[in-house]
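The values are calculated or read from the model by the stated rules, or taken from the named source; none is laboratory data. All figures in this text were calculated on a predicted structure; none of them were measured in a lab. Cβ: placed from backbone, ideal geometry, glycine included. Neighbour counts: every protein chain shown. Note: accessible area is taken over every heavy atom of the protein model, side chains too, but ligands, DNA and RNA are not part of it. Shrake-Rupley method; radii C 1.70, N 1.55, O 1.52, S 1.80 Å.
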Amino acid sequence: MKKKLLFLIAILCAGIACGQVPCPELNGPEDGDVNVPVDVTIMWNDVAAPGYRISIGTTPGGTEIINERNLGNATAFTPPLGLPQNTLIYVRLTIFFFNSPEPDIVCDVGSFRTVSVTTPPPCAIISSPTDGATDVNVASAISWDYTPTAEGYFISIGTTPGGSEILNNFDVGNVLSYRPAADFPFNTTIYVRITPYNIAGSTPDTCTEYSFTTGAMATLPQCTQLISPANGSINVPLTPNLEWTPVPDAIGYRVTVGLSPTTGEVLDNVVFTANSTRVVDFDPNRTFFIRIVPFNVAGDAIGCTQETFSTVLGCGPYLDPLTGALVDLAPEINFPDEVSFCENETPYFVSATDTAEGFRWYKIDSNGNETLISSDVQLDVSEAGLYRYEAYNTVSQSGNTVECTKSKVFTVVASEIATITSLDTRVLNGNFEIVVQVTGSGNYEFALNEIDGSYQDSNVFSGLPSGSYTVYVRDKNGCGIAEESIVQDLTLEGFPRFFSPNGDGINDFWQFIPPNDTGEINVGAIQIFDRYGNFLKQIDPLALGWDGQFNGRPMPSSDYWFTAISLTTQNKIKGHFSLKR
């Protein structure tokens, strides 16, 4: 089922990304890493982007190492010439949308510093022509593999072992191929030595000399180009007939088709004698890179460029060129990040509210493994944990049925009404403080005296005048409200704020003073602590009180703390007082 969302470029391209594609992050090496090898493969997390281009430089936004290299859907890239040593490298990825006019998303994904190179590089290995090859075309270029830590290469070419009359230790720079200005002599053995170098030097005496023999004078074939699909085509069927222009003097064609400029997942250098072939089962909504190299007895065509095309749009989203609307064949989902249920009301039913052809519900275990638990519109939940909700539509494309899905990972939280275990009160700066202690699996908020609130997240109420209060504890997930009252049966004068044990007969002892109106001793044993929480003395409210000594030694002037239990409510009372000398 098609869903068309009105397309406004200004709206779509606001925020983090058009099409809701987030920027990836480096995961090898990670942002900020140091001592990274110069031949590192740069990797990033897959954000399901339609395509990536990568730029690498030595300054933020710099492109002098790699400039906007198209990678297709690949999530890794190895710089073909390595990276400079002991250098801060900046990596930028550009997400592009090849089937719509949506603007590119430019992501500065991170930076890292390469390792310092202290030894010369190893020798290079010539890849073309191979060592000992014969009938090599006289116009061939010499190519070699990248040598880790190399910053450039010297090349010597001659017609005798150790000879250099064609080229003598010539610095070709940091490249991986070289074609001499003039063709090689035909029917001749050519000797080549490649010597890599870096900041630590080179080791020319240890590098092997390679050789090959040229053939008779011959003409290489010209390059070809795609006829169908044409270079840059979009909406190509999933089973296209690939066709390219025939080259008269070619005896065959080497064809490579992949998802990136350097891979061949579909065809990997497959030889065809005809100028067409049918390829079955391309993936939808992907860009494919194709290189076709004609060849004959003289060798392969030189300098053939890579071409691209994109398959049918699949599930989208993509821009309908006729209506200007954004078409997404997958269902739109609006499912919450968290679902809660009350433990005393199980089973709890979660229902999909989205419009789709089908639904699936998965339970995710602690190892990230998923188990399908329902294929209905409704899920019976009786256990907290991590789940995934999936909605899908099906469409027919190129004779195939394509399932278009969207999903959402969500958390199920078990909740319950709170149990109030205690209401702890203490005197602070002439006012009372109430600390509410609760147990339960819910997410709770607290209020005083009014069941309708206002509620607060903190379980502490400070700066209260003396008096009686009702505490309400409400579960945020709607599982109920617990309440408990506290009757303030002690006045601020119940415990002296200071005493002065100097032997003058006035305030020489610190003790509880019964309320004037009743004279009732309504507290139990009183414990006294110093400011660090060290226990000093336990006194009876009927006894004389504390004389300010500990183990026969007078304690210094300072603040001291006390705790007592109300005999009326069994609540703990906390406060402090001063010892003055």
Worksheet item: On the first, second and third principal axes, largest extent first, how far apart are the outermost C-alpha atoms of the stretch 45-126 in Å?
Response: 49, 31, 22
Practice prompt. Just reorder Lys572, Lys580 by solvent-accessible area, largest first, 1.4 Å probe, all chains present.
Written response: Lys580, Lys572
Worksheet item: How many angstrom separate the Cα center of the stretch 223-247 from the Cα center of the stretch 46-71?
Response: 27
Item to complete: Go through Cys223, Cys207 and list them by solvent-accessible area, largest first, probe radius 1.4 Å.
Response: Cys223, Cys207
Discussion item. For the chain, what does the relative contact order come out to in percent, with C-alpha contacts under 8 Å and a separation of six or more?
Written reply: 8
Worksheet item: Cα gyration tensor of the chain, axes a ≥ b ≥ c as square roots of the eigenvalues: rounded (a/c below 1.5), prolate (a/b > b/c) or oblate?
Response: oblate
Worksheet item: With no solvent and one point per C-alpha, what does the Debye sum give as log10 I(q)/I(0) for the stretch 113-262 at q = 0.18, 0.21 Å⁻¹?
Response: -1.03, -1.23
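Within a Cβ distance under 15 Å of Arg69, other residues only, what is the Lys/Arg minus Asp/Glu net charge?
-1
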Item to complete: Sum -39500 (n - 2.57) across every DSSP H segment of at least 4 residues in the chain, then divide by the residue count to get the 222 nm mean residue ellipticity, nearest 500.
Response: 0 deg cm²/dmol
Worksheet item: For Lys363, which aspartates and glutamates qualify as cross-link partners when the Cα separation must be under 15 Å and same-chain residues fewer than eight apart are set aside?
Response: Asp337, Glu338, Asp376, Asp380, Glu383, Glu390
Discussion item. Please compute the contact order of the stretch 20-179 in relative form: average sequence separation of alpha-carbon pairs under 8 Å and at least six residues apart, divided by the residue count, as a percent.
Written reply: 20
Worksheet, complete the sentence: accessible surface per residue for the stretch 178-248, probe 1.4 Å, DNA/RNA/ligands not counted, whole Å² -> 51
Worksheet item: Mind checking which aspartates and glutamates have their C-alpha under 12 Å from Lys476, skipping anything on the same chain fewer than 8 residues away?
Response: Glu416, Glu445, Asp457
Response to the item:
Rounded to the nearest 10 Å², the accessible area of Thr119 using a 1.4 Å probe with every protein chain kept is 80
Worksheet item: Given a 1.4 Å probe and every protein chain left where it sits, what share in percent of the accessible area of the chain is carbon and sulfur?
Response: 49
Fill in: Computed accessible area, Asp300, all protein chains, 1.4 angstrom probe, square angstrom
60
Worksheet item: Just by accessible area at a 1.4 angstrom probe, what is the order of Glu338, Glu403 from largest to smallest?
Response: Glu338, Glu403
Response to the item:
By the Cα gyration tensor axes a ≥ b ≥ c (a/c under 1.5 gives rounded; else a/b larger than b/c gives prolate, otherwise oblate), the shape of the stretch 332-373 is oblate
Response to the item:
DSSP beta bridges in the chain: the antiparallel percent, rounded to 5, is 90
